[in-house]
Amino acid sequence: MTRFKEWLAQFLGFSTNDKESDNSMKYLIVGLGNIGQEYKYTRHNIGFLVVDALAEKKEILFEPNKQGDTAKFKHRGRSFILLKPSTYMNLSGKAVRYWMQKEKIPIERVIVVVDDLNLPFGKIRLRNKGSDGGHNGLKSINQVIGQNSYPRIRIGVGNDFHKGKQVDYVLGKWSDEENDALPKIIERTVNAILNLPVIGVDRTMTELNK
């Protein structure tokens, strides 16, 4: 880099360190779910479905890796790393911490996609931070990382179950009506993930939480 370019980069507040610059444009997208074919199309695995759809949209494939399956692509100058933890839901934090450290990604550039019993089916909510809301995957991440200041996209799966049947419900298959509606829900979520690093959390939140 010439002296003029270095001066211009510093004046504009950009890094002259290529590695530092690359890291500053890198995002970890975590879809929460459970591994195994028997869980693939269950409500608890909506996070996996979203990152699978994102990989399909960008025409890339997941590869088995340490602590989970990963896939990488670039979009509008940003690098995206998709992660499906292989730790099972209750230990998701271990996989998130490993890939944050490996790729040198700070917590504010981690985006987690998760199912939510407290939202009606199909309702999507983006928050920049918050409690785990009783979700074991988020609870694990919060405990292992030691904070909850990361964007999370919560997708409502409803709570149409009898008392004591919560586990059966979230590990149950989608109804026919839900299956028909899922593609549009997933598409909205995928678009929000691609937009967030470009237009910011607040604007994405406004558009997604309508």
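The values are calculated or read from the model by the stated rules, or taken from the named source; none is laboratory data. Just so we're clear, the structure is a prediction, and the values are computed from it rather than from any experiment. Every residue, glycine as well, gets a Cβ built from its backbone with ideal geometry; the counts of neighbours run over all protein chains shown.
Among the candidates Ser131, Ser140, which residue alone is loosely packed, with under 14 Cβ neighbours inside 10 Å, free of Cβ contacts under 8 Å to residues at least 60 places away in the same chain and of a type in the set (Gly, Ala, Ser)? Full working, then the answer.
Working: Ser140 fails: loosely packed, with under 14 Cβ neighbours inside 10 Å.
Step by step, each of Ser131, Ser140 is checked, and only Ser131 is loosely packed, with under 14 Cβ neighbours inside 10 Å, free of Cβ contacts under 8 Å to residues at least 60 places away in the same chain and of a type in the set (Gly, Ala, Ser).
Here are the criteria: (1) under 29 Å from Asp168 (Cβ atoms); (2) touching a residue at least 24 places away in the same chain (Cβ under 8 Å). Tell me which single one Arg78 does not satisfy.
The number of the failed condition is (1).
Scan the range 108-155 for residues that are in contact with a Pro (Cβ under 9 Å, 6 or more places away or on another chain) and in a strand (DSSP E or B) and jot them down.
Val110, Ile111, Val112, Leu126, Arg127
Which one of the conditions (1) of a type in the set (Val, Ile, Thr); (2) under 26 Å from Lys58 (Cα atoms); (3) free of Cβ contacts under 8 Å to residues at least 24 places away in the same chain does Val190 fail to meet, given that it meets all the rest?
Among (1) of a type in the set (Val, Ile, Thr); (2) under 26 Å from Lys58 (Cα atoms); (3) free of Cβ contacts under 8 Å to residues at least 24 places away in the same chain, the lone unmet condition for Val190 is (3).
For Asn118, work out the one condition from (1) among the polar types (S, T, N, Q); (2) free of Cβ contacts under 8 Å to residues at least 24 places away in the same chain; (3) under 18 Å from Met89 (Cβ atoms) it doesn't fulfil.
(2)
Restricted to the range 129-155, and to residues that are more than 17 Å from the chain's Cα centre (by Cα) and not polar (S, T, N, Q), which residue is farthest from Ile111 (Cα to Cα)?
Gly134
Could you figure out which of (1) assigned to a loop (DSSP other than H, G, I, E, B); (2) modelled with pLDDT under 90; (3) more than 17 Å from the chain's Cα centre (by Cα) isn't true of Gly158?
(2)
Scan the range 50-104 for residues that are surrounded by 21 or more Cβ atoms within 10 Å (Cβ to Cβ), aliphatic (A, V, I, L, M), in contact with a Ser or Thr (Cβ under 9 Å, 6 or more places away or on another chain) and in a helix (DSSP H, G or I) and report the count.
Matching residues across the range 50-104 total 5.
Table: residues versus (1) assigned to a helix (DSSP H, G or I); (2) within 30 Å of Glu108 (Cα to Cα); (3) of a type in the set (Val, Ile, Thr).
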| position | (1), (2), (3) |
| --- | --- |
| His162 | no, no, no |
| Tyr169 | yes, no, no |
| Leu182 | yes, yes, no |
| Val190 | yes, yes, yes |
| Ile193 | yes, yes, yes |
| Thr204 | yes, yes, yes |
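Please work out which one of (1) in contact with an Asp or Glu (Cβ under 9 Å, 6 or more places away or on another chain); (2) part of a helix (DSSP H, G or I); (3) modelled with pLDDT under 95 is the condition Ile35 fails and give its number.
(2)
Going by what's in this entry, would Pro106 be described as in contact with a strand residue (DSSP E or B) (Cβ under 6 Å, 6 or more places away or on another chain), without any contact (Cβ under 8 Å) to a residue 40 or more places away in the chain and within 25 Å of Thr206 (Cβ to Cβ)?
no
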